[in-house]
1. Quote to one decimal, in nm, the extra length available between residue 158 and residue 118 on full extension: 0.36 nm per residue of separation minus the C-alpha distance between them.
2. Determine the shape class of segment 114-246: with a ≥ b ≥ c the square roots of the Cα gyration tensor eigenvalues, call it rounded for a/c under 1.5, and otherwise prolate if a/b is greater than b/c, oblate otherwise.
3. According to a simple spin-label model (label point 7 Å from Cα along Cα-to-Cβ), what is the distance in nm between residue 132 and residue 215?
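Every number in this text was worked out from the coordinates using simple rules, so none of it is lab data. Predicted model only: the values in this text are computed from it and were never measured. Here Cβ is always computed from backbone atoms with ideal geometry, including for glycine, and neighbour counts include all displayed protein chains.
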């Protein structure tokens, strides 16, 4: 009997740890850490980006189905418009995913200090790991830059051909014309959304690095500075430049 009581006490002591482990394993079963679980993935899961871009500037969204290249444009845009380091570590385990408002919603003001403050204030992280997170975030943006803009070039080039065809298509209805124009505006806005976010990310990364250097100087700061400058150079000279559909976002220096 005493042995049975000891086993029961041991079970209740271990039960919270077992439950937590089960939750973590359940979250990991759906996908890798920091990635949306496969059960949440759909072909058009990022279509909302176009609706948000056009809706935020008072334009209607196109009802046309997405082409493969347009769908890829939205898929590649999401990690570049998602604020870097925006998800707490415990959420990334469960494949956290959420839409974000476009930069044209005037009630929003970009705060370049938010990323750095979160990075510096996050508990249980050494200064070396803070530098490592910053470097990883910048490097990830550099890696994502070329695939996104390679697809953007193709999408916008095809839109030029679409625009040139509008007056050549026989019996084109007003609704068809409106949807074609709306899709071209939508694609352009998505590219401009990413361009603005890249500029904002560069500003955020520089603010964060400056504070890291002040609070915990380290030679690795030179590596971070080099990567930030590389990203800044790319953001300042994108492979495609289109006429703006809407004004630029509100920016707060913070």
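1. Numbers: separation 40, 0.36 × 40 = 14.40 nm, distance 4.06 nm.
Here the answer is 10.3 nm.
2. Working: a/c = 4.12, a/b = 3.11, b/c = 1.32.
Prolate shape, in that a/c is at least 1.5 and a/b is the bigger ratio.
3. Placing both labels 7 Å beyond Cα along the Cβ direction yields 1.8 nm.
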